[in-house]
Structure formats: C-alpha cells, structure tokens
4 protein chains.
Amino acid sequence: MATVREASYELLRAHGLTTVFGNPGSTELPFLAGFPDDFRYVLGLQEAVVVGMADGHAQATGRPALVNLHTAPGVGNAMGAIFNAFENKSPLVITAGQQVRAMMTMEALLTDPGPTALPRPFVKWSYEPPRAQDVPAALARAFHLAQLPPCGPVFVSVPMDDWSAEADEPAARQVTGRVTTGRAGPDPAALRELAGRLENASNPLLVAGPDVDAAGGWEAAVALAERCRLPVWAPPASGSGRIGFPEGHPSFQGLLPPAIGPLAQTLEGHDLVLVVGAPVFTYYPYIPGPVLPEGTSLMLVTSDPDEAARAPAGDAIVADVALALEALVGLVPQADRPPPDPRPAPDPPPDSDPISAQAAMAALGEASSVA
Amino acid sequence: MATVREASYELLRAHGLTTVFGNPGSTELPFLAGFPDDFRYVLGLQEAVVVGMADGHAQATGRPALVNLHTAPGVGNAMGAIFNAFENKSPLVITAGQQVRAMMTMEALLTDPGPTALPRPFVKWSYEPPRAQDVPAALARAFHLAQLPPCGPVFVSVPMDDWSAEADEPAARQVTGRVTTGRAGPDPAALRELAGRLENASNPLLVAGPDVDAAGGWEAAVALAERCRLPVWAPPASGSGRIGFPEGHPSFQGLLPPAIGPLAQTLEGHDLVLVVGAPVFTYYPYIPGPVLPEGTSLMLVTSDPDEAARAPAGDAIVADVALALEALVGLVPQADRPPPDPRPAPDPPPDSDPISAQAAMAALGEASSVA
Amino acid sequence: MATVREASYELLRAHGLTTVFGNPGSTELPFLAGFPDDFRYVLGLQEAVVVGMADGHAQATGRPALVNLHTAPGVGNAMGAIFNAFENKSPLVITAGQQVRAMMTMEALLTDPGPTALPRPFVKWSYEPPRAQDVPAALARAFHLAQLPPCGPVFVSVPMDDWSAEADEPAARQVTGRVTTGRAGPDPAALRELAGRLENASNPLLVAGPDVDAAGGWEAAVALAERCRLPVWAPPASGSGRIGFPEGHPSFQGLLPPAIGPLAQTLEGHDLVLVVGAPVFTYYPYIPGPVLPEGTSLMLVTSDPDEAARAPAGDAIVADVALALEALVGLVPQADRPPPDPRPAPDPPPDSDPISAQAAMAALGEASSVA
Amino acid sequence: MATVREASYELLRAHGLTTVFGNPGSTELPFLAGFPDDFRYVLGLQEAVVVGMADGHAQATGRPALVNLHTAPGVGNAMGAIFNAFENKSPLVITAGQQVRAMMTMEALLTDPGPTALPRPFVKWSYEPPRAQDVPAALARAFHLAQLPPCGPVFVSVPMDDWSAEADEPAARQVTGRVTTGRAGPDPAALRELAGRLENASNPLLVAGPDVDAAGGWEAAVALAERCRLPVWAPPASGSGRIGFPEGHPSFQGLLPPAIGPLAQTLEGHDLVLVVGAPVFTYYPYIPGPVLPEGTSLMLVTSDPDEAARAPAGDAIVADVALALEALVGLVPQADRPPPDPRPAPDPPPDSDPISAQAAMAALGEASSVA
C-alpha cells in the first residue's frame, strides 16, 4: 500500500516539482525520509534565502517552485520573502511541517497554534489538511491555484505523522494527472473599444511593465509600439525586476518617476496612456497632484483583478497581457504618424534619484538625519 | 467644497448604485443625512433579509448591489447571508458604520475593534480607509473588485465622522468615471484541445451549472448540446438557484445525485464529461468511491480559479463560461451520432431524496432521531 | 469501546454542560444521535436567539453555557449575538458542525472553508481539532478558557464524522475531571497604595459597573461606599444589563452621561474617582473634551487586561473585582466625612437623553432625518 | 504646538522606553527625525536579530522593550523572532512604518495592505491608529497590554506622515502618566485547597519552570521545596532559557524528559505533582502514553490562562507564580519527612538525548537520513 509520502512524491513528480528549496527542521524529516533519487533538495540556511531562490526559480522557469519550511518560527523567518513573492506574483507551493496531530491540541513544542493564519496575508491560499489522506489533494489544490492567474504563493501545513500514513490511493491518483489553464483572453468587446481609442488618439503612449515579460508578450509589445508609433516608458520601480520592453529599442523613453506629480508631468501632451502589465502606478514618495494631466485618459491591461480595481484613475481590462497585446496588434492599423523621438539623454545621475530616502523625507517636509 | 458624502454619492451614482439595501443604526445616520432624491433606500429589519434582498437584486440585474449595515453586531447578524452571497458569487458592495475616529482607540460604544476581520472569510476584500478623504477611492475599489470575475461581496467600514469631512475632490473625480472589464476569454490553445476531445469522444456528456445563466451563456449551451448531441445534466444542489440549461429541452436528463458514488454511477458509459459553470461537484452526504468511472475523463470550464484548483478530478479551463461556450460552438463540427434519448422518467419522489438528513446520517452509519 | 461522542458527553457532564442551546442542521445530527436522557436541548429557530439565550443563561448561572450551531451559515447568523456575548464577557462554549473530513478539501456542500476564522474576532479561542480523537480535549480546553477571566465565548468546529470515531479513552479520561481557577487577587502593593489614596482623598467618588455584580461583589461595594462615604454612580450604557450597585441606596447618584465632556463635568470637584468593574468609559456620542476634570485622578479596578490597557486616562489594577473590593474594605478606615447628599432629582426625561441618535448626529454637526 | 512625534517621545520616556531596537527603512525615517539625545537606537541589520535583542533586553530587565521595524517585508522578516518572543512571554512594543495615508488605498510601494493581520497570530494586540492623533494613545495601550500578564509582544503600525502631524495634546497628556498593575494573587480558596493537598500528600514533587524566575519567585520556590521536602525537577525544554530553580540545590533532580511516556515514568511513585511557571508539558517527540502515572494527581500554577486551559491533565490555578509560591509557603507546615535523595548521577550524554531529531523520527517509526 502506498503511503501519503509516496502518493505526494508521485503528484509532485507529475507537476515537475522535483526541485525542493528548503531549510528543514525535525518537523520536516518525515517528508524527507527516503527522498527519491530524481528529486533535488536545494538547501538554504535562512528562510529568506530559501524563498528568494524559489521565487527566482519560479520567475525564470515560468513554473511553480516547491518550498519546504520548518514549523512556526521557520515560516515566520520566511514571511518577508513570501511578501516579496506575493508582490512578484511568483507561483510558490510552500509547505511547512507541524507537530504530530495527537500533540497539537496541547500545543507541544514545535506546534504552530495557528498554522494557516501566519502566511495568510501574503498567500493565495493557506491550509492544513483535515486528515493525512488529504495531503495529496491539498498539494494538488495548492499547485493549481498557485499557477492560475494572478499567480502567487500558496501554503500547506503538514503534521509530521501524516507522511507515513496509508494513502487513499484512488483519490490521490485522480488528483494527480490534472491540467488547469487560466490564461485569460481579453473581453472581445472591450478590446475592440480599446483598439478604436488607440487608433483615434492623436498622441498615445505605452507603459510596458514587468508582466509583459512574465506573460511572454515582449514581441507583441514591440509590434504594437511600432504599429502605433508609441513612445514607450517603463513603470516606476516594480518589485520583480523583470523588464517589459527592450530598453535599447528606439521608442524606449526611460523610467517613469515614482511620484504622482512628476509622473503626471511626464505624461503631459499625451491624450491616451496605455499601461500593460504594471500597476497604476508604483509610487513611492508622496508628492500630491492629479494622477493624470488634464485631457489624458488611461487604459490598463493587467492579469490581476486587484490591480485593476485599485488604480486611482483610468479604465482597465483584466486579461493575460500577452494575449491582449497580440489581439490588439491584429485590430489596429499601421499609424501614419512619425515614430517617436528617440530618448533625448541618459538617466539623471543617482544623487537626484527621486526614489531616495531624502526625497521621501523632503516630500513629507521632514529633515532626515540619514546620509 | 464637496464633502466626502457628496463625492461618494456622485461615485455611487456613476456606477448605478442608487438603490441601497440596509438596516441602519446611529453609526449609519451621517451617511443618510441629506439622502439624495434619486437614491432609494430598501429597509430590512434584520440583516439576513437585507443581504438576501441585495443578493437577489445583484443576481437578477447582473450588477453590483449596495448594502448599508450597522457596525459590529449589524455586520455580525449579516454574516450568514454574506456567506451565501459569497457562494453565489454575488457582487455586493457592503458598507458598515463605525464609531468616530477619535474614540476608536479607546473602544467607545459601537466601535468595531477589528472591522475588517469579521467579514473577511466571506468577502473578496475588507477595508477601513485610513482617512476620511479615502472613502470614495475605497468605495470605487470595492465596486470594481466586486464585479470582476469571480464576482463576490466586498466590505468597507466607514467611521461616522468621515461623511461630513471635506473631500479630496480631484482624487474623487478621477476615481469616479472608471470602467473595468474582466470577462475572460478562454486560452485559445486549451480551447482547441477541448474541441478536439469533444469531437473525438464517443459518448460525451454535458453538465451545465448555474454560472451558464449568470454569464448569459444559455443559448450557447443549447447550441453546443445540439451540435455535439450531448445529453445534459444539472449539477447537484447549487447555491444560487440559477438554472444552467432549459429543463424542458429534449436533451435534458435531470439532476445529478449529490454524492460521490451515485454520481459516478450516473456518468458511467460516457468517455468525456464536460462541466461548465459548476463545481466538480457539490456533494453533500459522504458516499465514498471514485469521482469518475474507469475510462471517463472530465473537463471543467469555470470562471473561478479556486473551483478549478480544488476539483478532485479532471482538467480545467478558467474562463468566462459564455465566451468559452460560444467559442466552442464555433470550433466543433456537427456530430453525426443520434440525439440523446429523452429523459426516461420523472425524478424519484422526495422520500428517497439522497440529499436528505437521513441519507447523510445513513452514509455515516448513524441512527438519526430526526424525523 | 467508547466513541468520541460518548467521551464528549462524559466530559460535558463532568462540567455541568448538560443544557445545550442550539439550532442544528444536518452537520450537527451525528452529535445528537443517541442524545442522553440527562441532557436538555433548548431549540431556537434563529441563531441570534440561540446565542442570546445561552448568553443570558451563562450570566444568570455564572457558569459556561453550551451552544450548538450549524456549519458556516449558521455560525454566520450567530455572529451578531456572539459579539454581544464577547462584550458581556459571557463564557460560552460554542460548537459547530462541519462536513466529513474526506470532503473538506474539495469543499463539498456544507464545508466551512475557514471554520476558525469566522468567529475569531469575537471569541477567545477558535479551533478545529486535527483528529476526531482530539474532540474531547478541544472541548475541555474551550471550557476552561471560556471560564477563566476575562470570561468570554470560545469556538470548536467538529467535522460530522468525528462523533462516531473511536475515542482515545485514556486521553479523554485525563482531560475530563480537570478544575481550573483564575479569580485573581489584587497585587498587594498596588492595593495598599490605592487604599492610601482613598484614605487621603478629600472628595472621592465610586463608579460601580456591571462586573461588580458578575464577580459577586455587590456587598463589598456597598461596604466600601459606606466606609469611605462615597457617592456612587453607574457607568454609562454597559452591554450586559447587570447593575453594579443598589440603585435605591442613599449614596447612589444615578447614571453617568455617555459622552466625554458631560461625564467629566459630572466628576468635577472630586479629587479621586474609583471605577470598579466597568470600562473607562463607555462613551457613545462624541463630545470632545478632557476625560477628567483638572485635578481629578482616576483608578480603575477591572478583571480585563484589555480594559485596563485601553483606558484613555487614569491608573489601573487588574484583579477580580470582588476580591479587590473585599480586600480594600479591610484596608481603609471609616471616613469621618458626612455621607453624600442623596440624589437630588430623577433622571431627565427621555427626550433629552444624551444617548439618542439625535444627540449623536448633533455632536457631529449633522442634520438627521431620523425622527 | 507639539507634534505626534514629540507627544510620542514624551510617552515613551514616561514609560522608560528610551532604548529602541530597530532596522529602519524609509518608512521609519519620520519617526527618527530629531531623535532625542536621551534615547538610544540599537541597530540590527536583520530583523530576527533586532527582535532577539529586544526579547533578551525585556527578559533581563523585566520591562517592555521597544522595537522599530520597516513596513511589510521588515515585519515579515521578524515574524520568526516575534513567535519566539510570544512563546517567551516577552513584553515587546513593536512598531512598524507604513506608507503615507493618502497612498495606502492605491497600495503605493511600501504599503502594507493588511498591516495588522501579519503579526496577529503571535502578538497580543495588533493595531493601526485611525488618525495620526491617536498614535500616542495606541502606543500607550500597546505598552500597558504588553506588560500585563501574561506578557507578550504587541504591534502598532504607523503611517509615515503621522509623526509630524499636530498632536491632540490634552489626550496625549492624559494617557502619558498611566500606571497599570496586573500581578494576580491566587484565589484564596483555591490556594488553601492546594496547601491541604500538599500537606496531605505522601510523596509530592515540584516542577519549577521558567516563569518562577520571570516572576521573581526563586526564593519562594526554594523555601517551599525545603518546607515540604520536595524533590524538584526542571520542565522539559522551555523556550525562554530561564531557569526556575537553583540547579545546585540538593533537592534538584534534573530535567524532565520531553516525551509523554518517559516523563510519566519519571513521575511514578509521586502522588502529587506541583508544576509552577511552566506548561504541562513541553513535549517534543511523540511517545504515547498516559500523561500521569496511575494514582498521581497534578496541580499547575501559571500566570497564563491558556496554559491552564490546554493542559492535557491536572487542575490549575491562574495566578502570579511568585505571589502564589509566597502565599503557599505561609500556608503549609514544615514537613517531617526526610529531604529528597540528592540527584544520583549527571545527565545522560548527548548522544542519547531524547530531544534529538533521531528520537523524533524513531518515535514516528521513520528512518531518518539526517546524521
């Protein structure tokens, strides 16, 4: 008879989750007993490093990565990095050990008394299976949810005696081979309307964010920029470090400043701003003002409903960024305006960087003692 | 200068939220002071009724409904109905009053000490704005998130002194006219593969759930059933009461039984089961067994990533149900098999209803004292 | 072999929890199968009523009461009343049913997907046992925590298949007979200091709140008032309806007004205010001003650390109110000042009641349309 | 006019919180602007270190320590150490920065979208003030709650523009000088009963845990052991590293083993076990068995209601450990039995340490690959 551990390895294998990033303690040892030869364990000695490696792996491969943490304090140490992964929309399947079930109610050492509450603010789903036999189904649910848009971390707490329990083999088998797909095409009517707005704009502009790269939309973004003769900007400081548009392309204009007033100034003279794959906008110091100049409208294309909902101005379409860009290229005619002027000069030197601590303090009218 | 209340009314008006369902107490009076003539207040005398009315209104109109509850105990009374609205994926913008800001830290009477925690398990977003001036933006964010798929309730707590504060008019104006769209087209590659599976199946079957109706996909479902000669079943007990397929249609076969074993038996002989707009599956009594018969595969089309992730078997596409059905009709040829036999006989009489309490107890091997 | 249900009944019986207040659905039936003859089930047809009855029962008997609710929507309906019980510091052991463990991960009908999150804001502890065998220990932990000061509701979610599982009899037996006591005597040094302040004050005043009654301190409060010649006031609107001091006693002065300004005015001329068994203070409309008049100091005696921590002014001793009053009577000499003047006149008529909605609106400078 | 920062410094000064342990980012700079000369900032370069230092400082001084963390990822990094501080019952007042209020609803960079949820599982209170003017009252409430028993960490999130806002000086002044005391004397009746049980036991035993030291009860514990001729054990692995009894005392017997079976074996022959200042018990590997030998009863004295409630066996008194021990010494007569035999032999060598990972695995019947 298969154990829960064997059924879980089978499930992880079926989803390509054979690389495990972790920093185990004793509550994780039963998971590691008889670790299969085709699995690889990448050890980090502090949890921030472990989750950081997994986050990078997930971003680079475009597929979920598996994380193996120690009970409460181990998960606690990881929370800063899990916040980053959440902001980066990285699909991480995070597991943590837990005391044996029989000693949880008395809170024996290594019990996490509220295992699902700790990671919850920064994961899409947080769960401890109600029986050992449900571990494979919980891992499967976690995997699928992590990689459905908007991607992000998920968390499963596993009591240490679950791994050697006898599996419910039929249930584990049925859940193992599943394929879920959630790349969302844009609403056809909304996209046609957007194409019309692009065609009719006299001086439109494109802001291409990190999710253009994550979605595989780089070529479609270039095609759209060239077809519509769009000057292209990168959004202000984004979390993930991805680049949404080739910075060497003649249409590329630079990085938008990360504050309301200066950013709006940069957009002046453009009647339509199309933002794809980035929030509207990742401000940092608070310099008040209108988000958009008078006479400028904005359309956001994002795969994240929350990004669409919380934008302080402009309309939004929630859809896969690459599918939307590709469809848009097919709907707009070649513009007959001249291509945008190339970017005039290099970025300002770092000592006038508007994202500095001094700028943040100055914006608040504070004198900072930090050099 | 406009007040926060005036700016909020303007925002609600712009989104068609001029009907308010509520049961107010004193913490809601400042919102109601000078209630505009073009707004309507539908009073309910217990919160379950208030939310139930709003839930039905939202489902019938296909648009968000506005709910106005009293601070902590009022929201508490509503939680059962908010759970239902969450299960029904009803877009409700729920507001509640709160003590004045100056007396919250000492927890004066009518303070909700954790206003965002109470509704959180069953709303998509729960918020108390950090300043009075942020109330319009919070309401806007709530509205947009509620109506982006998967739809659902959202919650905003508003301290009672916020309404008469002076608004940040430029910010309120920018957030007022926004339009967000999130009807997701299916991933083209995944849909083509599904069309191929449908074409090649020897005896496929359709399960049409309540979201077919919610999405406006009724006609496409009928067209698909007729084109592919599919027998059609309704899923087991769904929350919202919507019907996903005309029950008088000759292809309609009845309601699937709400337990694993009997349901799988009903699917026997079908090599492909296509479920649209329903979970896989809404079981109620626990009668163990495989979810699917040997040799049967399943594909789910749902607008809810969580439904896709937690299904115990089968593959899934996350997309708007109507867009997916319409696209599918265009991709499959007319089947040359005969139409399904009409439904042989009426439903069994209620005393053998497998969803009864007795059945649930019997499945657990318990003797029930409930008649 | 005993079942979990039998072991649980035995535990409940040992703690006198043989009266069950409930509104069951099918998820609660397995608990009720073979309901013992020495137990009584008090049925309410809406959960607010059920919890309200249990709250009153617990307050009247001074002992925990047992509540039996239906899964998610049932608990949801009860949340308003659970908030009240939490404010009343009523020791309620609240249970709710849940789907069978095998169908929770797929969220079959009647699954509460986050059973411990829903009640958490207003209970002292919220738990779903990790195994059927842990149900008795979870109920025991819930019982003890509910009745240790500050008392309050606790919550245990029980999957419906747990009740008929085989119990871990030795563990259940060990947890059954436990006795826990937490009536806290006051810190001796702090109490001596308070006695000195009382002795040296020229015009001290007593505010006697509902917890005087809950703690059984009525006689000690009267003795202290008479010994120190204290005028006695009732605190502004308290949640539980208990009375902390005999209103017919000649020293009783009336009910303090529920707003900062008027309340402070009432305290004028008193150099020391002793508040026992009530928050400082349960304000309702916001009428700003200093909490205490110039030259007045305040000491609070409360059994609730949070009440002590959040008071906007004054010092505090956390202790059982009756034990503190009794000890205080033994430490202070008979005062030689005359007894306070009797209460001059009856309460103002209701149309000038400062707790009215109009007063709240007027305090905010709003015109209310509510009669 | 004073700023919120000035009023807050005044409050912190009044409570002796002039040493700040922190790792600030830009969201904390406004708090640090004009940092007073009489304050000291102890910088740590990772949050686990920062909280660890503060935890040790609080334990060594017996007074709350102040922690200054960066917004979301900073608090996230600290969560492992905050869990430890919570287990250690260390009174930490933890603050974190937050974006300016005007940019929180749009979630600008450095916004913590759910600032109070992240630390909540492991703090006694988690709060973000509703207005800048409430920061001093929130810090005061946090301070008082942290140091009232059972002590523990508390959390206050402060938007970065709050510090330079104008303070509500009267409110800040009233909250500044407060003194709260919560050392709980034992219930007199329960203590008398315990004294009788001790007097009548034929072979009682004392387990002295870390809270004996924290409460300042070391001398009373020695006096009780000598008066009742008690053999004394230290509890299994406790979190805080405090020692509850002089290990060189002739009555000291060693460290109890951290597993149910072996621990119960160690207690055999003793009819009464008195545990003070420790949980019952901090087990680690799961070796099933009865918690107590046949014929042994147990009484726990703890300052933590939750410890009392969750013990798997025995009765409990919730009270300050030192006050209870001191009172107990006054109630029991000098025993006439001989003093316990001195500890027979040194501890077993580390390779048979029952708390090792191998032992944990062995107890689960697993082969561990970890050396």
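Taken together, the values in this text are just the output of simple stated rules run on the coordinates, not laboratory data. Model, not experiment: these values are computed from the prediction. Glycine also receives a Cβ, built like all others from the backbone with ideal geometry; neighbour counts cover every protein chain displayed.
B:LEU45 label point (Cα plus 7 Å toward Cβ) to equivalent points in the other copies: 1.5, 6.9, 7.1 nm, shortest first. Computed from Cα atoms, the angle from the helix C:72-87 axis to the main principal axis of chain C rounds to 30 degrees.
Across chain B, the mean sequence separation of Cα contacts (distance under 8 Å, 6 or more residues apart), normalised by length, yields a relative contact order of 14 percent. Placing R0 at 35 angstrom, the Cβ-Cβ distance between D:SER202 and D:VAL179 gives a FRET efficiency of 0.15 after rounding to 0.05. Computed about the Cα centre, the dipole magnitude for segment D:115-195 is approximately 380 debye when only Lys and Arg (+1) and Asp and Glu (-1) carry charge, each at its Cβ.
Only Cα pairs under 8 Å and 6+ residues apart enter the sum, and on that basis the relative contact order of segment A:86-245 stands at 23 percent.
Computed from the C-beta positions of B:GLU166 and D:ALA60, the FRET efficiency with R₀ = 56 Å rounds to 0.65. Determine the distance separating the Cα centre of segment C:1-52 from the Cα centre of segment B:1-43; give it in Å without decimals. Measuring centre to centre over Cα atoms gives 45 Å. Using the beta-carbon distance between B:ARG40 and B:GLU247 and R0 = 25 Å, what value does 1/(1 + (r/R0)^6) give for FRET efficiency, to the nearest 0.05? So the FRET efficiency works out to roughly 0.15.
Against the longest principal axis of chain D, how steep is helix D:135-147, in degrees 0 to 90 to the nearest 10, with axes from Cα atoms? Approximately 10 degrees, to the nearest ten. Across the copies of the chain, A:PRO338 has label points (7 Å from Cα along Cα→Cβ) spaced 7.4, 10.1, 11.0 nm apart, shortest distance listed first. Estimated from helices alone, the mean residue ellipticity of chain B at 222 nm is -10000 deg cm²/dmol (sum of -39500 (n - 2.57) over DSSP H runs with n ≥ 4, per residue). The angle between the Cα long axis of helix A:4-14 and the longest principal axis of the Cα atoms of chain A comes to about 30 degrees, rounded to the nearest 10.
Build a GNM of chain D with springs between Cα atoms under 10 Å apart, and of D:ALA189, D:ALA225, D:ALA322 the one that fluctuates most is D:ALA189.
Which one, B:THR282, B:ALA316, B:LEU328, is farthest towards the positive end of the dipole of segment B:237-331 when Lys and Arg carry +1 and Asp and Glu -1 on their Cβ? Result: B:THR282, furthest along the dipole toward the positive end.
About its Cα centre, the dipole of chain C is roughly 380 debye, where the only charges are +1 on Lys and Arg Cβ and -1 on Asp and Glu Cβ.
Remark: spin-label model distance A:ALA237-C:THR19 equals 6.2 nm, labels positioned 7 Å along the Cα→Cβ axis.
Projecting the Cα atoms of B:ALA220, B:ALA237, B:HIS270 onto the charge dipole of chain B (Cβ charges, centred on the Cα centre) puts B:ALA220 farthest toward the positive pole.
Placing dummy labels 7 Å off each Cα toward the beta-carbon, the span from D:ARG227 to B:ALA2 is 7.4 nm.
Residues of segment C:168-208 falling in the label zone of C:ASP271, defined by backbone nitrogen less than 14 Å from a point 7 Å along Cα to beta-carbon, are C:196-205.
The charge dipole of segment D:144-184, taken about its Cα centre with unit charges on the Cβ of Lys, Arg, Asp and Glu (plus for the first two, minus for the last two), comes to roughly 440 debye. Once you reduce segment C:261-330 and segment B:231-283 to the center of their Cα atoms, the two points are 63 Å from each other.
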